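Worksheet for the structure shown next.
The values are calculated or read from the model by the stated rules, or taken from the named source; none is laboratory data. Computed from a predicted structure; not experimentally measured. As a convention, Cβ positions derive from the backbone with ideal geometry for all residues, glycine included, and neighbour counts pool all protein chains shown.
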Amino acid sequence: MPYPDLPKDFPDRYRSVWVDIDPALYDPAVGHRVYNEYIDQLEYAASVGFDGVGINEHHSNAYGLMPSPNLIASTLARSTSDAAIVVLGDSVALYNPPIRVAEEMAMLDGISGGRLVAGFPVGSPMDTVFAYGTNPATLRERYHEGMELIQQAWTRDDVFAFNGRYNKLRYVNCWPRPVQKPHPPIWIPGGGSVDTWDYCAENDLVYCYLSYFGYKAGLATMQGFWNKMDELGKPRNPFQGAFAQFVGVADSEKEAYELYREPAEYFFNSCLHVYAGFADPPGYKTPNTVRSGVEGMVERAAREATARSEAKAEAKAAPKAPRPAASQAMPFETMVEKGYVIIGSPDQVIEKLTEVGTSMNVGHLLTLAHFGNMDNELVRHNTELLARKVLPEVQPLFEHEWEDKWWPKPLPTAQRAEPAR
């Protein structure tokens, strides 16, 4: 849910799209319009054949206008009937106490009749450390303690006390309870931390790599997760992996270039304009990740934004000898070439998405049919083409060989409430 009306010279005039973005840039009338458009788009995706619709949590930014995914999920739980509600997710360490997350997600599972996927990210450094003031050195400890509390609250059949380091509760008694037993499937969104691989592999949770930079750049990260599964002697069930990919479908490749150029360039050149000082605060990155040399996606976004800004500054200082164009604002052709965005005719997109699934071994594909400042009509066009002409060819990719143990198991249709219209 990006803010679509940033000024064209935003990367030149402002330091960051996140944390300290100028509040004066936000127009409440625009916000009113796009919130309703975004909810309409999610409902439309659910109506035309997507297996689920996804939402997430971010703060103090124009990159994603969703500080509370649970608010959006509650509307979708009522307005959709079969699609999963994939909350990716609630940043556990920011809730005090995290029992609030257990309660709200149990409500969502109840309203939807058992269609919730419960996602629990550690959270970006911009959201957690700078916008919410969490100590980066204790962030992951808080996160893991919160996860333990939530899962106990969902599964224990008694009222119990929880005596953690950061959460001390005399009475833990989660009312309501989730519909799904023992609890909704848990997905862990990650941005490149090797410790998240370990956590998902050891606890049989979905590792969901939410990358900005497409399947070509993301392949090594997913291989790292599957190598950890091999190390633990666990099967490479592709449904334990998930990946997010920007996708634009049109009647031809030529038309796809024309339709998706502007929204993609808006996203990568403005929505990812992150100040480098917000991307890697001391203590946020785990020692294992530091030793591994893995670069997180936020770090990469900030590094590329810094390179573009420096190149522009140098070009202005010495206009007769500018830096190469590749160091300026990233052109759409580069995004397509590098796999940041998959575009083309339905057949071309089917071929590429099949490559994504098989090369990365991911059974859950998050197709980002909206990005940047894409207008409502184009989003619906892209969504419909994806649903009607692409998804039927890629949805069955692994289902005959593997069991998906990480997908919602809703109540039978006969037991579900039918909301009055």
Residue satisfying condition, being in contact with a Cys (Cβ under 8 Å, 6 or more places away or on another chain) and either surrounded by fewer than 20 Cβ atoms within 10 Å (Cβ to Cβ) or at negative phi (or both), within set Val17, Val30, Val87, Val53 = Val17
In a helix (DSSP H, G or I), without any contact (Cβ under 8 Å) to a residue 40 or more places away in the chain and either farther than 29 Å from Lys389 by Cα or aromatic (Phe, Trp, Tyr) (or both) - does that describe any residue in segment 264-279?
-> yes
How many residues does segment 334-359 hold that are over 23 Å from Trp402 (Cβ atoms) and out of contact with any strand residue (DSSP E or B) (no Cβ under 9 Å at 6 or more places or on another chain)?
-> 4
Mind checking which residues of segment 1-40 are without any contact (Cβ under 8 Å) to a residue 60 or more places away in the chain and assigned to a loop (DSSP other than H, G, I, E, B)?
-> Pro7, Lys8, Asp9, Ile21, Asp22, Tyr26, Asp27
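For every residue, the table says whether it meets (1) at negative phi; (2) surrounded by 15 or more Cβ atoms within 10 Å (Cβ to Cβ); (3) at pLDDT 95 or above.
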{"position": "Leu378", "(1), (2), (3)": "yes, yes, yes"}
{"position": "Phe398", "(1), (2), (3)": "yes, yes, yes"}
{"position": "Lys409", "(1), (2), (3)": "yes, no, yes"}
{"position": "Gln415", "(1), (2), (3)": "yes, no, no"}
{"position": "Glu418", "(1), (2), (3)": "yes, no, no"}
Selection over segment 154-189 where residues are in contact with a strand residue (DSSP E or B) (Cβ under 6 Å, 6 or more places away or on another chain), surrounded by 13 or more Cβ atoms within 10 Å (Cβ to Cβ) and over 14 Å from Ala118 (Cα atoms) yields a count of 4
Here are some residues: Tyr171, Tyr207. Which one is farther than 20 Å from Arg100 by Cα and free of Cβ contacts under 8 Å to residues at least 40 places away in the same chain?
-> Tyr207
Boolean, Ala279 is buried (at least 22 other Cβ atoms within 10 Å of the Cβ), at pLDDT below 95, hydrophobic (A, V, I, L, M, F, W, C) and within 29 Å of Arg142 (Cβ to Cβ) = yes
Checking Leu71 against (1) at pLDDT 95 or above; (2) under 30 Å from Leu385 (Cβ atoms); (3) under 13 Å from the mean Cα position of the chain (by Cα), which single condition isn't satisfied?
-> (3)
Out of all the residues in segment 218-229, is one or more at pLDDT below 95 and not in a helix (DSSP H, G or I)?
-> no
Is one or more of the residues making up segment 193-216 surrounded by fewer than 20 Cβ atoms within 10 Å (Cβ to Cβ) and over 30 Å from Met360 (Cα atoms)?
-> no
Does any residue of segment 3-13 turn out to be under 14 Å from the mean Cα position of the chain (by Cα), buried (at least 16 other Cβ atoms within 10 Å of the Cβ) and modelled with pLDDT of 95 or more?
-> no
Check segment 239-251 and report whether any residue there is of a type outside the set (Asp, Glu), touching a Ser or Thr at 6+ places or on another chain (Cβ under 8 Å), at pLDDT 95 or above and in a loop (DSSP other than H, G, I, E, B).
-> yes
List the pairs whose first member sits in segment 373-396 and is without any contact (Cβ under 8 Å) to a residue 60 or more places away in the chain, whose second member is small (Gly, Ala, Ser), and whose Cβ atoms are under 7 Å apart, counting only residues at least 6 apart or on separate chains?
-> Val394/Gly357
